[in-house]
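For reference, the structure discussed in these notes is given below.
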Amino acid sequence: MNNVKDTAFVVAEFRAEENEEAVPLYIDNVVKIWLNEETKTAADRIAQNSPAAKEMIKLRTKYFDDVLSNQVLAGCKQVVILGSGLDTRAARINGEKVKYFEIDDRATLQLKESTLKANKVPANVCYIPGDYVKDGLISLLKRSEFDFEIPTYFLWEGNTTLLAKTDVISVLEQIRDNLINFRLSFDYMSEKVISRTTGDRELNDYIDRYESTYAPWITGFENIATLAEELNLKPIENFSTAELHKQYRPRRVLESNIFNFYFVCTLENAE
Ligand SMILES: C[S@@+](CC[C@H](N)C(=O)[O-])C[C@H]1O[C@@H](n2cnc3c(N)ncnc32)[C@H](O)[C@@H]1O
């Protein structure tokens, strides 16, 4: 694993595994079209060094699936997925007339589009190739038929830890300044994990091992309510993945302390 874009294949492998559970948290019948021996070997290598990684992906998938489904049920017709990688929600959670906009690098999106087509998987998606940091999120959206006037749900999964903090904040500001009505969900690490100040030595070793096989984690946030307030955004939900685990898998023991430091949240525009 030497490339941020390759992380999408490992995430896809972990996400797919939940399908094998007796009572899965979600079903993803689409993701398998991108998986092969190579992606399995890469994912196995990471899972060996950091077994909790799989569960982190599965818990966040369930949370984001639920938030998105509720948005669609409430009538949201426009969804943007930043750094979409091999996200399959456009094919899985596709209420009537919901239009998806997916942003990622050109090669990933081309592979995605062609494989979905070859497998006859319908998805109402506008693919926007580009780098939402370098090119600017709003400039990229303006190149498409994105409607800035209607309520929009933004999903930003598996990205914030990999970006510079200023870039994360700039994306939030761009959404805030250009959309009238939106909700936004993303996952993030506690700042303590990034600065190795959790006080848990085992956890520090775990993170070092994880980063050596995956991609470096460079940004975390300590208090999402404070961040939201500073940016004039309204926090709707904020859960540690430890809390999600307790809710979704009440009979299972938490396998690592990392879940207490890895979060999902949903924000919206303040009135
Ligand atoms: C860890 S993967 C997550 C993929 C997907 N969101 C998921 O959770 O399954 C990160 C993805 O974000 C994309 N990405 C990261 N930074 C990006 C940027 N600045 N612009 C566009 N895509 C980006 C990468 O190419 C990669 O596909």
- [ ] Among the candidates GLU18, GLU38, single out the residue that is at pLDDT 95 or above and not hydroxyl-bearing (Ser, Thr, Tyr).
- [x] GLU18
TODO: Using the structure shown, decide if ASP6 is closer than 30 Å to GLU149 by Cα, surrounded by fewer than 18 Cβ atoms within 10 Å (Cβ to Cβ) and of a type in the set (D, E, K, R).
DONE: no
TODO: Go through the stretch 119-138 residue by residue and tally those that are in contact (Cβ under 8 Å) with a residue 40 or more places away in the chain and more than 15 Å from the ligand (Cβ to nearest atom).
DONE: 2
Open item on the list: I want to confirm something. Restricting to the stretch 139-157 and keeping residues that are near the ligand (Cβ under 9 Å from one of its atoms) and either surrounded by fewer than 22 Cβ atoms within 10 Å (Cβ to Cβ) or of a type in the set (A, V, I, L, M, F, W, C) (or both), which single residue is farthest from ASP66 (Cα to Cα)?
Closed with: LEU140
Open item on the list: Return the residues of the stretch 211-230 that are loosely packed, with under 15 Cβ neighbours inside 10 Å, out of contact with any strand residue (DSSP E or B) (no Cβ under 6 Å at 6 or more places or on another chain) and modelled with pLDDT of 95 or more; say none if nothing qualifies.
Closed with: GLU222, ASN223, THR226, GLU229, GLU230
Open item on the list: Can you go through ALA228, ALA215 and tell me which one is within 19 Å of the chain's Cα centre (by Cα), in a helix (DSSP H, G or I) and under 21 Å from ASP167 (Cβ atoms)?
Closed with: ALA228
Open item on the list: Quick check on the stretch 33-40. Is at least one of its residues in contact (Cβ under 8 Å) with a residue 60 or more places away in the chain and either assigned to a helix (DSSP H, G or I) or closer than 15 Å to TYR248 by Cβ (or both)?
Closed with: yes
Open item on the list: Just to be sure before I move on: is ALA53 in a helix (DSSP H, G or I) and either modelled with pLDDT under 95 or crowded, with 21+ Cβ neighbours inside 10 Å (or both) in the structure I sent?
Closed with: yes
- [ ] Determine if the stretch 55-73 includes at least one residue that is over 19 Å from LEU155 (Cα atoms) and away from the ligand (no atom under 13 Å from the Cβ).
- [x] yes
Open item on the list: If I filter the stretch 234-242 for residues that are part of a helix (DSSP H, G or I), away from the ligand (no atom under 16 Å from the Cβ) and more than 30 Å from ASN178 (Cα to Cα), do I get at least one hit?
Closed with: yes
- [ ] Scan the stretch 1-31 residue by residue and report those that are among the charged types (D, E, K, R) and more than 14 Å from the ligand (Cβ to nearest atom).
- [x] GLU20, GLU21
Open item on the list: Going residue by residue through the stretch 124-131, is there one that turns out to be aromatic (Phe, Trp, Tyr) and at pLDDT 95 or above?
Closed with: yes
TODO: Determine whether ARG106 is within 11 Å of the ligand (Cβ to nearest atom), in contact with a Leu (Cβ under 8 Å, 6 or more places away or on another chain) and not β-branched (Val, Ile, Thr).
DONE: no
- [ ] Could you identify the single residue in VAL67, VAL80 that is crowded, with 21+ Cβ neighbours inside 10 Å, within 13 Å of the chain's Cα centre (by Cα) and either touching a residue at least 40 places away in the same chain (Cβ under 8 Å) or not in a helix (DSSP H, G or I) (or both)?
- [x] VAL80
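The values are calculated or read from the model by the stated rules, or taken from the named source; none is laboratory data. The structure presented is a predicted model; accordingly, all values stated were derived computationally and were not measured. In this analysis, Cβ positions are derived from the backbone assuming ideal geometry, glycine residues included, and neighbour counts consider all displayed protein chains.
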